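Scroll down for the structure; my scribbles are underneath it.
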Amino acid sequence: MSVTRRELLAGGVLAGLFGGRVAAEPTGTEWRNWSGTLSCMPKGRFRPASERELMNFVASTRGPIRPVGAGHSFSPLVPTDGHIVVIDQLAGLIRHDAERMEATFGAGTRLSDLGAPLEAIGQAMYNMPDIDRQTFAGAVATATHGTGLSLGCISDYVSGMRLVTPTGDVLNLSADEDPDVFQAARVNLGALGVVTEITTRNREVYRLKAVTEVRPLEEAIADFDTNAARYRHYEMFPIPYSTYTLTLAIEETEEATSYPEGAGDDEATFLSLVEMLMAGPAFVRGPVIDMLFGETPPSTVVDVSYKALTNVRNSRFNEMEYSVPVERGHECLVEVLDTIKAQGIDVIFPLEYRWVKGDDTWLGMSSGHEGHAAISVHQIASHDYRPLFDAVEPIFWKYDGRPHWGKLHSLGAGELRALYPHFDDFNAVRARLDPDGRMLNPHLRTVFGVTT
Ligand SMILES: Cc1cc2nc3c(=O)[nH]c(=O)nc-3n(C[C@H](O)[C@H](O)[C@H](O)COP(=O)(O)OP(=O)(O)OC[C@H]3O[C@@H](n4cnc5c(N)ncnc54)[C@H](O)[C@@H]3O)c2cc1C
């Protein structure tokens, strides 16, 4: 079977590998996350049409509240038996400042709805994550990031926010106004209240050229540092059991928009292959995958930044991601791949390996360091993720890894406090704004060590 260039780039092959089936979103009042693994039966859902309506709701009700974005987190940040607050009506461009290159959006805006309005006012986000279905508030809450050693996570660019607190008050936050709460809110896990507006620093509109290649893994690791320094964005998708990896190199260009020829139409064939490989013994996977990938030609896309940076991932999976200090990244990645192979773990889903610039947020995964290497492992949603995640999580701990807040992990307050110098500062702001613990659910109680 051959792999078309377009499929490779547009994610057909990755989507195939990122494959699996999931039950349709159930109707009724049940809430489910994107992967379909998390669910809850909230007491009610509230969809405010305005910030004022939200303030009234919070002030006039009692009991737990969990804000929800697009439900794309894998960690149980949202599930509650209290109220879920959905702010999809608080969306769109609110105002901008051409001189400061800043723009303010409703916090419920999907990332996919930021690019075009920004382009119309001559602005663009510095970076984007792998997909753009998340809400702005959800992405900021978990320090969602893309790749690029000179580029921070989305929270790094936030310069202002409006927050409806758990008592129903509203705060205007920036480095000058309420700086402690602002610092905490830049990566907030939805634990401080409900964010209604977000202001970010942007740059002028730019175009990108993205080249995807299949390369021998050893070679790609050996020149990763050089490429990470050379390109604006550089990342790898190492394939378990294979001696190959996909690499993605992206740089600025003035070239016209172009996509590879040929529509990707054999994802179904690829999915069958994935299922066959998953059903067969682990030792045949490496050679079969190598045969499939080895001859795949490079593929190039050119487009405006927000389109070139993001992908569509239709096939459902669960994910664990840890960020380790950048200088230990390769070693940790190799240990994860070797462990998967040595233990014969049932996975053929590619890993993702990205470098992210350090920042000065309190709870960002790259905070307080020059940069971090983010290593993600994925398991298709129809398979039990525990054998894979249980095997690799202790490896991440050895490398002082910090878990992505939106992805699965098993750490509690004790371990997290040791990883984040500002952990107690955040917790103090959280306890001050939310003395009754309205914003907590069982997962956040574990994360913040709240037992009452
Ligand atoms: C296919 C896929 C690809 C992904 N790619 C990347 C990637 O490239 N890089 C990366 O870093 N992550 C990635 N993620 C993870 C994802 O970006 C984060 O989990 C993100 O938080 C999801 O945003 P959401 O809008 O779905 O929020 P949800 O998952 O619904 O919520 C996340 C958090 O935000 C809080 N929240 C939501 N709205 C508000 C609000 N108005 N006020 C306060 N808190 C709020 C919630 O309470 C919760 O704590 C990916 C996830 C998926 C499923």
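Among the criteria (1) open to solvent by 10 Å² or more (accessible area, probe 1.4 Å); (2) more than 8 Å from the ligand (Cβ to nearest atom); (3) not in a loop (DSSP other than H, G, I, E, B), the one GLY138 does not fulfil is (2).
Could you check how many residues of the range 211-231 are within 30 Å of HIS96 (Cβ to Cβ) and surrounded by fewer than 20 Cβ atoms within 10 Å (Cβ to Cβ)? Adding up the residues that qualify gives 0. Listed by first and then second residue, the pairs with beta-carbon distance under 6 Å, at least 6 apart or on different chains, first residue in the range 109-136 and touching a residue at least 24 places away in the same chain (Cβ under 8 Å) and over 23 Å from GLU99 (Cα atoms), second part of a helix (DSSP H, G or I) and open to solvent by 10 Å² or more (accessible area, probe 1.4 Å), are ASP132/SER112. If you check GLY414, GLY344, GLY368, which single one turns out to be more than 16 Å from the ligand (Cβ to nearest atom), on the phi > 0 side of the Ramachandran plot and without any contact (Cβ under 8 Å) to a residue 60 or more places away in the chain? Criteria check complete, one pass: GLY368. Kindly indicate whether THR446 is away from the ligand (no atom under 13 Å from the Cβ), part of a helix (DSSP H, G or I) and open to solvent by 60 Å² or more (accessible area, probe 1.4 Å). Spelling it out, THR446 is indeed away from the ligand (no atom under 13 Å from the Cβ), part of a helix (DSSP H, G or I) and open to solvent by 60 Å² or more (accessible area, probe 1.4 Å). Of the residues screened, GLY115 is one that is away from the ligand (no atom under 15 Å from the Cβ), within 29 Å of SER376 (Cα to Cα) and not basic (Lys, Arg). Kindly provide the set of residues from the range 86-101 that are in a loop (DSSP other than H, G, I, E, B), farther than 24 Å from ALA191 by Cα and of a type in the set (Asp, Glu), ordered by number. Answer for the range 86-101, where residues must be in a loop (DSSP other than H, G, I, E, B), farther than 24 Å from ALA191 by Cα and of a type in the set (Asp, Glu): just GLU99. When residues in the range 293-319 are screened for being touching a Leu at 6+ places or on another chain (Cβ under 9 Å), among the hydrophobic types (A, V, I, L, M, F, W, C) and crowded, with 19+ Cβ neighbours inside 10 Å, 4 of them pass. Taking the listed residues ALA184, ALA268, ALA229, ALA249, the one that is under 21 Å from SER376 (Cβ atoms) and either modelled with pLDDT of 95 or more or part of a helix (DSSP H, G or I) (or both) is ALA249, with no other qualifying. Would you confirm whether or not the range 86-99 contains a residue that is modelled with pLDDT under 95, closer than 29 Å to THR446 by Cα and either open to solvent by less than 30 Å² (accessible area, probe 1.4 Å) or within 12 Å of the ligand (Cβ to nearest atom) (or both)? Checking the range 86-99: not a single residue is modelled with pLDDT under 95, closer than 29 Å to THR446 by Cα and either open to solvent by less than 30 Å² (accessible area, probe 1.4 Å) or within 12 Å of the ligand (Cβ to nearest atom) (or both).
Looking only at residues of the range 24-55 that are of a type in the set (D, E, K, R) and more than 20 Å from VAL195 (Cβ to Cβ), we find that the one that is most open to solvent (accessible area, probe 1.4 Å) is LYS43. The set of residues in the range 56-85 that are open to solvent by 30 Å² or more (accessible area, probe 1.4 Å) and part of a helix (DSSP H, G or I) comprises ASN56, ALA59, SER60.
The values are calculated or read from the model by the stated rules, or taken from the named source; none is laboratory data. If you're wondering where the values come from, they're calculated on a predicted model, not measured in any experiment. Here Cβ is always computed from backbone atoms with ideal geometry, including for glycine, and neighbour counts include all displayed protein chains. Side chains included, ligands, DNA and RNA excluded: accessible areas come from the protein's heavy atoms. Shrake-Rupley method; radii C 1.70, N 1.55, O 1.52, S 1.80 Å.
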